[in-house]
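This report refers to the structure that appears directly beneath it.
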Amino acid sequence: MMTTRIALFGGTFDPIHLGHTTVAEAAARQIDARKVIFVPAKISPLKGFFPFASDKDRLRMIELAIAGNDLFAVSDCELKRPAPSYTLDTVRQFQRDGEPETSLHWLIGADGIGDLVHWHQIQELIDECHLTTMRRPGYPAPDVDRFEPVWGPQRVAKLKHDMIETPLVDISSTEVRKRLAAGKDVTGMLHPDVIEYIREHGLYRGVRP
Ligand code: ATP
């Protein structure tokens, strides 16, 4: 039976920007994934703050940003679970509910590598999916050798094997929120329909980024 590859892309997406969609598309090409499923997080336990837009608004903005792209889908499974919601639970849910020969890749940008040691049951997560790391401007290339004493050589080898090269897109949600709060233009950073949604709903006005 053929293995189907599915990429899961978790994040706060507050808001989703063109960096997210650009690297997601490139990642899908590299790993030959049939779908990239965006999985907005309820609250990231490591970020230590609540998102600035509601769950409903973040979900809606993702729907607008991916509309018409058959490669992309969105899942609200983490929004429905009581917080804190862990990546491992999400991966297990997709594994349980998906087709038997499904190989799951969890996408993560280079800025998140340092935090991996704090992730809930990280070793099980590395074992149960392909934790796929991507480059990000302003951050060094993912270095996982330093984790070898804790996770062991096999897990580190798996992480290295799963590293991919994606385009460097210098956009972050923090920068987008800062610009919106200052009334600056965000054309070219967000999908036009997301910009329209933010304007219509008065999101990110005067918030501390
Ligand atoms: P914030 O600025 O609020 O921290 P963010 O831009 O990092 O937000 P998140 O929703 O936190 O966006 O990111 C979700 C995932 O996407 C993370 O794994 C992050 O590393 C990755 N990511 C976000 N922006 C980029 C980018 N420009 N290039 C590569 N990966 C990215």
* Asked: About the Cα centre of the chain, what is the dipole size in debye to 20, counting +1 per Lys and Arg Cβ and -1 per Asp and Glu Cβ, all else neutral?
  -> 540
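Taking each pair of distinct Cα atoms in the chain once, what is the resulting Kirkwood hydrodynamic radius in Å? Before the final figure, lay out each step's value.
Details: mean 1/r = 0.0565 Å⁻¹.
Computed over the chain, the radius equals 17.7 Å.
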* To do: Quick one: go through segment 58-74 and flag any residue whose amide nitrogen is under 14 Å from the point 7 Å out along the Cα-to-Cβ line of Thr102.
  => 73-74
* Assigning unit charges at the beta carbon (Lys, Arg +1; Asp, Glu -1) and nothing else, what dipole magnitude in debye, to the nearest 20, does segment 121-173 show about its Cα centre? -> 100
* Asked: Which residue fluctuates the most in the chain, going by a Gaussian network model with Cα springs under 10 Å, if the choices are Lys184, Lys42, Lys160?
  -> Lys184
* Mind checking the angle between helix 87-97 and the chain's longest principal axis? C-alpha axes, 0 to 90 degrees, to the nearest 10. -> 70
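With a 1.4 Å probe and every protein chain kept in, tell me what percent of the accessible surface of segment 67-177 is carbon plus sulfur.
In segment 67-177, the share of accessible area belonging to carbon and sulfur is 49 percent.
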* Can you list the residues, at least 5 places off or on another chain, whose amide H is less than 5 Å from the amide H of Gly11, using H built in the peptide plane? -> Val39, Ala41
* Would you grab the residues whose amide H sits under 5 Å from the one on His130? Only those 5+ places off in sequence or on another chain, please, with H modelled 1.01 Å from N. => Leu104, His105, Trp106
* Structure fact -> Charge tally for neighbours of Asp57 with beta carbon under 11 Å away, counting Lys, Arg as +1 and Asp, Glu as -1, is -1
* Structure fact -> For Gly109, other-chain or 5+-apart residues with amide H closer than 5 Å (H placed, Pro excluded) are Met134
* For the chain, modelled as a Gaussian network with Cα springs under 10 Å, which listed residue fluctuates most, Phe13, Phe147, Phe72? -> Phe147
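Going highest first, how would you order 17-23, 64-70 by mean Cβ packing within 10 Å?
17-23, 64-70
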* In segment 163-206, the GluC sites (Glu not before Pro) that fall in loop regions by DSSP, at most 12 other Cβ within 10 Å -> Glu165
* Structure fact -> Along segment 137-149, Karplus-curve 3J(HN,Hα) (6.51, -1.76, 1.60; θ = phi - 60°) to the nearest Hz, with x for Gly and Pro, reads x, x, 10, x, 4, x, 10, 10, 4, 5, 8, 4, x
* **Paramagnetic reach from Ser54 in segment 4-36 [backbone N under 20 Å; point 7 Å along Cα→Cβ]** => 12-16
* When the chain is modelled as a GNM with alpha-carbon springs shorter than 10 Å, which of Val176, Val91, Val150 fluctuates the most? -> Val150
* Subtracting the Cα-Cα distance from 0.36 nm times the residue separation, let me have the gained length for Leu168 to Arg146 in nm, one decimal. => 5.5 nm
* **Å² of accessible area per residue within the chain, as computed with a 1.4 Å probe and no ligands counted** => 51
* From the backbone phi of segment 57-63, what are the Karplus-calculated ³J(HN,Hα) couplings (6.51 cos²θ - 1.76 cosθ + 1.60, θ = phi - 60°) in whole Hz, Gly and Pro given as x? -> 5, 5, 5, 4, 5, 5, 4
* Structure fact -> Relative to the chain, whose Cα atoms define the longest principal axis, helix 192-201 and its Cα axis are tilted in degrees, nearest 10, by 60
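The values are calculated or read from the model by the stated rules, or taken from the named source; none is laboratory data. Just so it is clear, the model here is predicted, and its values are computed rather than measured. Don't worry about glycine lacking a Cβ; one is built from the backbone with ideal geometry, like all the others, and counts go over all protein chains shown. Protein only, heavy atoms only, side chains kept; ligands, DNA and RNA dropped before computing areas. Shrake-Rupley method; radii C 1.70, N 1.55, O 1.52, S 1.80 Å.
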